[in-house]
1. What residue, of 108, 59, is in a helix (DSSP H, G or I), more than 20 Å from the chain's Cα centre (by Cα) and more than 18 Å from residue 164 (Cα to Cα)?
2. State all residues of segment 157-176 that are more than 29 Å from residue 51 (Cα to Cα), surrounded by 14 or more Cβ atoms within 10 Å (Cβ to Cβ) and under 17 Å from the mean Cα position of the chain (by Cα); if no residue qualifies, say none.
3. Quick one: how many residues across segment 159-191 are over 22 Å from residue 81 (Cβ atoms), touching a helix residue (DSSP H, G or I) at 6+ places or on another chain (Cβ under 9 Å) and not in a helix (DSSP H, G or I)?
4. Given the criterion closer than 23 Å to residue 144 by Cβ and assigned to a loop (DSSP other than H, G, I, E, B), identify the matching residue among 75, 88.
5. Find the residue count for segment 136-156, including only residues that are part of a loop (DSSP other than H, G, I, E, B), surrounded by 17 or more Cβ atoms within 10 Å (Cβ to Cβ) and within 13 Å of the chain's Cα centre (by Cα).
6. Within segment 32-47, work out how many residues are surrounded by 12 or more Cβ atoms within 10 Å (Cβ to Cβ) and touching a helix residue (DSSP H, G or I) at 6+ places or on another chain (Cβ under 8 Å).
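Computed from the coordinates by the stated procedures, all read-outs in this text should not be read as laboratory data. Here the structure is a predicted model, which means the values were calculated and not measured. Here the Cβ positions follow ideal geometry from the backbone for every residue, glycine too, while neighbour counts run over all protein chains shown.
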């Protein structure tokens, strides 16, 4: 089975390809020669995931899934949430986002946070939603050099290392995206 993952993010694609069985081939937008960027205009993770998957499914007549992920930090009312990728403004990049987050949490005792991933699948005209959540806390400084996004400052509950200190296989076993993808894979393999 071939299915499109509505993203240009090579990190996400490689993460997912390691999770799916050989019977499922994940194709990125780049693999399909689709160069356009799909604007995320939703105000929730679900809205953004559905918007991207629906656009590709309708425009290119292909089964497609899309995800949206947000870091939700308790002490700042769930921010950055749906705005995680652009939290620090332009230019949007991981380092600026982490700097802003650590600055906002400076001196804060409550560092509880969670990563949420929502996957929307559009297949045969039907919409399916899968969600993964991992709870943890924000560290006081960056630790590790693997991963991307906020991985260097996210310490999952019951672990002594951040996502950025884990190899991809370790992270995929417990990550928000890994949990959501497992639900997606279970659904696809039962079809």
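1. 59
2. Result: 162, 164, 166, 170.
3. So the answer is 3.
4. Among 75, 88, only 88 is closer than 23 Å to residue 144 by Cβ and assigned to a loop (DSSP other than H, G, I, E, B).
5. The total comes to 3.
6. Going residue by residue through segment 32-47, those that are surrounded by 12 or more Cβ atoms within 10 Å (Cβ to Cβ) are 32, 34, 38, 40, 42, 44-47.
Now restrict to residues that are touching a helix residue (DSSP H, G or I) at 6+ places or on another chain (Cβ under 8 Å): 32, 34, 38, 40, 42.
Qualifying residue count for the region: 5.
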